[in-house]
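Engineer: Take this structure, written in C-alpha cells, and hold onto it; I'll ask about it next.
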C-alpha cells in the first residue's frame, strides 16, 4: 500500500482561524471608496406584459446615479446551457414570475436606491399564469416562452436494453409514483457582489459564486467584453449547494451599473430575494416500474418523470437528464427506459442542488427495492448486495465504475448500525431502514460543450526557496477544497502542509469550472498534483545536474531530499545556500538536504520555478443523446441506515440515529469527508422531513424566511456515525473521488424505509410532515379495519 | 428589506411609560424584547414612527412570589422564566411553554408580556397562562385594573388593552395540592417552530374518590385566539381520573370546543384531530403529576 504523509490525515483546515475569529472576509464585508449601492425592481406579477416603464421620477431622486432597463443594456440572451439561453438581464416584453427583473438602480445609499425603485412606474397587462406541471402542459395553457412550445424546456426519451421484454420476464413488478417539493438552498450567505471598472476599461466582479469561470464567461458575453478584460473574484463564501453555480441577473445588473456610473457598485439579495430567485431543487414526480426475478435479481426499470421547472431553464436540461441516467446504478440493471419532461411555469426557476437531479429518483427507487425485498422475503441489505455492481462494471447507459466500494459500504452500515439485531425486532413506532446511492465526480464536458481544460493550476516556488504558492481558480465554498488542494500539493511535492500557501477563486489564476457536480477534488486535484509534480521535476533536474546523479535516484519527502545513495555529498550545495543567507543564524544543519536549499539552488540556476498542471477527462463513453449527463471519470457511493421513532398518535417522526458509509476513494482530508457526509444527512433530512417552498395562488412565496422554511436545527439532528470507506480510484488524484453529493443520495429513502418499518405505512410524497404521516397511518388503520 | 426608521423611547418607570403612551396614543407602539414588533415592522406588516421600549423598567422583569400567588412582570424573558425556581417547581407547564418558544437567541429576548400582546393564536405561553388561571395586570394614567386571561384575547393580534394602557404583568395563583399541569406543542421540527397545534391542561383531583375536582384545558392554534375547552372541562368534572375520561375529554374538545382553519402550516382536519390526541395526553400527564 502506498504511504502518504499529508493526505488521508485530519489536517486543520486553512480557513479555520479566519472563520473561527470572524476575520474571514465575505462580499458584504467589502467596501470600496465611492461605492454605490444597487437595487433591483422585480415583478410583483407572475405573468404580465410590460406595457411601459417610466423611470423619470426615480432618476430625479437626489443620490440616484443610474437607472437601467433593457433599453439601456440590450437584450443579449444568456442562461446556463447555450442550447437554452432563455433569459435577459432585464425583461423586454413580459415578466414570467414574481421576481423577474425589470430595472436596476445605483445610488449613494441603499435606502435611496430602494426608494428610487419604488418610484419606477411600470404599466402591466396581467396575463393568465400557470403554476403546476399539469396546468402548464394543457393544450390551451398560456405559453411562457414563444420559442419553447407547449411550455417544455426539454424532453428526454431513452431506452437501454428491452424494457418491455424485461418486465415480461419478471416475476414481481412494482409501480409507484413519488413526488417531492421544491427546495430552497438556504445557504447562510445570501448572494452578493461588487462590480468595479478601472480607468482602462477592465471589469472586476467580486461575487459570492461557486463558479467564477462561468460567471466570467457570461458577464463578458452579456456586456460584450473580451473575457480577458473581465476578472471574477470569489472571497470567502457562505455555501452555495448548486444554486450559486451560474451567473445571476443581479451580478449582470451590477456590472452594467458600474459601467454606467464608473463607480464601484455593491448589490445583495435579501433572504426574500433568495427565495424569489430560487434555482434550487426541482419538484419531481417520478413514476417508476421495477421488475425482478423471484430470487431478487433486478431485470428492468421503466421510468417516467416530470419536473416542475419554473420560468426559465437554468440547469433544467442537465437536471432532467440526471433524473434518469443515475438510476442505472449502483445495481446491475440490463434494461432501463426513461421519459423525462422539464416543464416551464410562472414560478421562480429551479436549477441544480446537491445530488443534482437524482435525489428523488433515488428515493422512489430505493423505496421500491424494499417493497420487492419484503414481498420476496429477502433482507433489504441482501437484496442490494445481490444486485450490486462491482469495480470495473459498466451500466446499461455506459457509466463505468472504475472503483466501487459499495458492498464495503453496506457491510459497514450493517455492522455500524447493528442491523442484524435490530431489523424485524423493533416495537411498533420504532423502525430501521436503509438505502444506497452513488454520484458522479464531475462531468465529461463543461456546461458549454468545449475542449477546454476543466482545471489548470499554477505553482510557483518562492525565490528564497521553501514555500510553494499554489494558484487555482477553483472555488472554496465552505466544503474545504482549498485545504484539500494544499494537501494534494504538499503530498505531490513532498513538503509539509505548512510549506504551502494557496490562493483560489480568481479567474486571473487560470481556468477552473468551479464547485459543482462534485468535480473539484478529482479534477482540480489532478491539476494540482500535475503542477506540483512539474515543480518537483524542475527542482530535481537541477539537483541531478549539480550532483551528477540521475533524477530517478532522488525524491522529495517531508521537506527533505532523499537520495538513493545516502552518502552522496551535497555539502557544496549547502555552502552555496548558506552564502545566500549571510548573517542569518538558523542555517540548515540537517543530515539531509532540505527542500528549502534545493529550491533555492534551482532558482539560482533557472530563475523563478513555476509548475503548471491541467486536467480534463478523456472521452467517457456513451454515444447516445444525453450521454454527457451521467458519465463521469469516477463515482462515489454510499449506504445509510436510519433509525426512527414514529408517534403513532400524532404522526411526528424523530430520526434517532443515522449510520452512514461513503466510498470517496482515498480520503484527502478525513475530517472534511465526514463533514460532507454529516452535511448531506442534514440536508437530506430537511428535504425528507419538513423543507418545502410554499406558494400562494398568485405565485408569491409564502414562507420566504428561515423561520417558516424549515431547515433541520441542531435539536433535530440525530447522532450520525460516519464511516469513511476508502477504495482506490484509478482516475482520481492519489485515488480520490467525490463525497459532497453522493452522500445525500441514500438519506431520504433510508428514512422512508425506516418509517415504513416503524409504522407500516409507505409514504409517496415529501416532506414527512406529522400531518402527512398521521393521515397515512389513519388510512392504513382504516384499510386494516376494513380488511 | 430594511428596518424603517423610528424614534425610540426608553422610559425607566411605569409612570413615564404611561405618560409617553398617553401622549403618542395609537401612533406609538410598545415594545419589550422586540422579537415580534421589529420583525413585523421590517416586513411592513405594521407601521409606526415611535416605539416605547419597556425594557429599562426594572420592576417589569421581576418574578415575585407573594402569599398564595406569583407575580410575573410583563418583561420577564422566556430564558428567565425557564430558569426561575418558583416557575420550575410550581408552574411546570408554563416552563415548558417558555422552553419551547423559538430558539435560544429568541428566548433571551422574548418576553411573556410581549408574547401575550402579540396575541398570535399559536402563541406558546398563552395556553399555559390560561390553565393556571392567570390575571392580566393592566395600568394606565387613569389607574390599574385586572382582567382574567380567559377574557384578554379578542382576535389575532387584538387584545383587551385600550390604546393608552400597558400590560404590566400577570398574577398566577399557586396551584393547589393534588393538581398537575402539562403543555405540549406540536410542530414540524423540534426547535424554532411555530406551532401547528398547542395544548395545555390543568387538573386537580380528589385522592380519596379519585375523581376530578377541577380542570382547565387551553387550546392554541385552533381558533382566532387561544381558547378554553369549556365543554370538555365541564364534562369531566366529578368524573373518575383515568384514561377513559381523558379520552372522552379529548373527543369533546376535538368535536365541540374548537373550529380550526386550513393554512400553510397545517389543515383544519389535522389540527382538529390533534386536539383530541393532545388534550388526552396533557390530561394524562397532569394526572400523573398530581398523584
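Engineer: Label residue A:612 and residue A:567 with points 7 Å out from Cα along Cα→Cβ: what is the distance between them in nm?
Structural biologist: 4.4 nm
Engineer: Given that compact globular proteins tend to follow 2.2 N^0.38 Å, what is the ratio of the alpha-carbon Rg of the stretch A:405-540 to that value?
Structural biologist: Normalised Cα radius of gyration, the stretch A:405-540: 1.46.
Engineer: At each listed q (0.09, 0.16, 0.17 Å⁻¹), what is the log10 of I(q)/I(0) that the Debye formula gives for the stretch A:134-256 modelled as equal alpha-carbon point scatterers?
Structural biologist: Values returned for q = 0.09, 0.16, 0.17 Å⁻¹ are -0.50, -0.92, -0.96.
Engineer: Still on this structure, please answer the following. Place the peptides B:92-102, B:39-49 in order of packing, highest mean first, counting for every residue the other Cβ atoms within 10 Å and averaging per peptide.
Structural biologist: B:92-102, B:39-49
Engineer: Sticking with this one: Where the Cα atoms of the stretch A:220-302 are projected onto their three principal axes, how long is each span, largest first, in whole Å?
Structural biologist: In descending order, the Cα extents are 72, 32, 23 Å.
Engineer: Let me ask something additional. Determine the gain in length on full extension of the stretch residue A:200-residue A:575; use 0.36 nm per residue of separation and subtract their C-alpha separation, reporting nm with one decimal.
Structural biologist: 130.2 nm
Engineer: Still on this structure: Would you mind calculating the gained length between residue A:464 and residue A:708 on full extension (0.36 nm times residue separation, minus the Cα-Cα distance), in nm to one decimal?
Structural biologist: Net length gain for the segment: 82.2 nm.
Engineer: Between residue A:92 and residue A:177, what FRET efficiency follows from the Cβ-Cβ distance if R0 is 41 Å, with the result rounded to 0.05? Spell out each step's value before the answer.
Structural biologist: Details: r = 39 Å, r/R0 = 0.94.
Efficiency for this residue pair is about 0.60.
Engineer: Now, a different point. What's the exposure ranking of A:615, A:764, A:344, going from fewest to most Cβ atoms within 10 Å?
Structural biologist: On the way: A:615 23, A:764 15, A:344 29.
Ordered by Cβ neighbours within 10 Å, fewest first: A:764, A:615, A:344.
Engineer: Normalise the Cα radius of gyration of the protein assembly as shown by 2.2 N^0.38 Å (N = residues in it) and let me know the number.
Structural biologist: The reported ratio for this selection is 1.04.
Engineer: When the distances between all Cα atoms of the stretch A:453-603 are binned every 10 Å from zero, what whole-number percent does each bin get?
Structural biologist: Histogram of Cα-Cα distances, whole percents per bin: 12, 40, 28, 16, 5, 0.
Engineer: Turning to a different aspect of this structure: Could you work out the equivalent-ellipsoid semi-axes for the stretch A:571-709, taking the square root of 5 times each eigenvalue of the Cα gyration tensor, largest first, in whole Å?
Structural biologist: For the stretch A:571-709, the semi-axes come out at 56, 24, 19 Å.
Engineer: Another question, if that's okay. Modelling each spin label as a point 7 Å along the Cα-to-Cβ direction, I'd like the residue A:339/residue A:164 distance in nm, to one decimal.
Structural biologist: Label-label distance for residue A:339 and residue A:164, simple model: 1.3 nm.
Engineer: Further question: FRET efficiency for residue A:4 and residue A:149, Cβ-Cβ distance as r, R0 = 51 Å, nearest 0.05?
Structural biologist: Working: r = 56 Å, r/R0 = 1.10.
After rounding, the FRET efficiency stands at 0.35.
Engineer: Report the FRET efficiency, 1/(1 + (r/R0)^6), for residue A:57 and residue B:190, where r is their Cβ-Cβ distance and R0 is 51 Å, rounded to 0.05.
Structural biologist: Efficiency at R0 = 51 Å is approximately 0.55.
Engineer: How many angstrom separate the Cα center of the stretch A:671-747 from the Cα center of the stretch A:480-516?
Structural biologist: So the two Cα centres are separated by 25 Å.
Engineer: Mind jotting down the distance between the C-alpha centroids of the stretch A:28-53 and the stretch A:77-102, whole Å?
Structural biologist: A separation of 15 Å, based on Cα centres.
Engineer: Let me ask something additional. Please compute the Cα-Cα pair-distance distribution of the stretch B:58-173 with 10 Å bins starting at 0, giving whole percents from short to long.
Structural biologist: 15, 52, 30, 4
Engineer: Report the normalised scattering of chain B as log10 I(q)/I(0) at q = 0.13 Å⁻¹, calculated by the Debye formula with identical scatterers on the alpha carbons.
Structural biologist: Ignoring solvent entirely, the Cα scatterers give -0.86.
Engineer: Put a dot 7 Å past each Cα toward the Cβ at residue B:38 and residue B:88; how far apart are the dots in nm?
Structural biologist: For the pair residue B:88/residue B:38, the computed spacing is 2.9 nm.
Engineer: Have a look at the DSSP beta bridges in the protein assembly as shown and tell me what percent are antiparallel, nearest 5. Write out the running numbers ahead of the final one.
Structural biologist: Values: 141 of 178 bridges.
Of all bridge pairs located within the protein assembly as shown, approximately 80 percent are antiparallel.
Engineer: Now, a different point. Kirkwood hydrodynamic radius of the stretch A:53-151 from all distinct Cα pairs, in Å? List each step's numbers first, then the result.
Structural biologist: On the way: mean 1/r = 0.0645 Å⁻¹.
Evaluated on the stretch A:53-151, it is 15.5 Å.
Engineer: While we're on this one: Using alpha-carbon positions, what is the distance between the centroids of the stretch B:128-168 and the stretch B:87-123, in Å?
Structural biologist: Cα centres, the stretch B:128-168 to the stretch B:87-123: 17 Å.
Engineer: With a 10 Å Cβ neighbour count serving as the proxy for reagent exposure, in which order, fewest first, do A:211, A:92 appear?
Structural biologist: Sorted ascending by nearby Cβ count, the order is A:92, A:211.
Engineer: What does the convex hull of the Cα atoms come to per residue for the stretch B:7-53, in Å³?
Structural biologist: It is 61 Å³ per residue.
Engineer: Then there's this: If you take each beta carbon of peptide A:708-720 and count the beta carbons of other chains within 10 angstrom, what is the mean?
Structural biologist: Shielding by partners across A:708-720 averages 3.
Engineer: While we're looking at this one, here's another question. So what are the radius of gyration and Dmax for the Cα set of the stretch B:225-286, in Å?
Structural biologist: 11.8, 40
Engineer: Which value, in Å to one decimal place, does the Kirkwood hydrodynamic radius take for the stretch A:564-635 when every pair of different Cα atoms is included?
Structural biologist: Evaluated on the stretch A:564-635, it is 16.8 Å.
Engineer: Then there's this: Give me the Debye-computed log₁₀ of I(q)/I(0) at q = 0.12, 0.18, 0.19, 0.20 Å⁻¹ for the stretch B:183-290, equal point scatterers on Cα only, no solvent, two decimals.
Structural biologist: Calculated log10 I(q)/I(0) at the listed q: -0.37, -0.77, -0.85, -0.92.
Engineer: Turning to a different aspect of this structure: When you look at the Cβ of every residue in A:650-657, what mean number of other chain Cβ atoms sits within 10 Å? Don't skip to the end; give the middle numbers.
Structural biologist: On the way: counts 10, 5, 6, 1, 1, 0, 0, 0.
Rounded to a whole number, the mean comes out at 3.
Engineer: Would you calculate, for chain A, the mean residue ellipticity at 222 nm contributed by helices, counting each DSSP H stretch of 4 or more residues as -39,500 (n - 2.57) and dividing by all residues, to the nearest 500?
Structural biologist: Computed mean residue ellipticity for chain A: -9000 deg cm²/dmol.
Engineer: So if each residue of separation counts as 0.36 nm, and I subtract the Cα-Cα distance between residue B:211 and residue B:178, what length gain in nm does that give?
Structural biologist: Extra length available between residue B:211 and residue B:178 comes to 10.8 nm.
Engineer: Where does each of A:227, B:63 land when they are ranked from fewest to most other beta-carbon atoms within 10 angstrom? Could you put the intermediate results ahead of the total?
Structural biologist: Working: A:227 13, B:63 19.
Ascending Cβ contact count within 10 Å gives the list A:227, B:63.
Engineer: Here's something else I'd like to know. Taking the alpha carbon gyration tensor of the stretch A:631-785, what are the square roots of 5 times its eigenvalues, largest first, to the nearest whole Å? Could you put the intermediate results ahead of the total?
Structural biologist: Working: eigenvalues 212, 74, 37 Å².
Equivalent-ellipsoid dimensions as semi-axes: 33, 19, 14 Å.
Read-outs throughout are calculated quantities, based only on the coordinates presented, and are distinct from any laboratory measurement. These numbers come from a predicted model, not from an experiment. Neighbour counts are summed over all protein chains in view; Cβ atoms, including those assigned to glycine, are modelled from backbone coordinates with ideal geometry.
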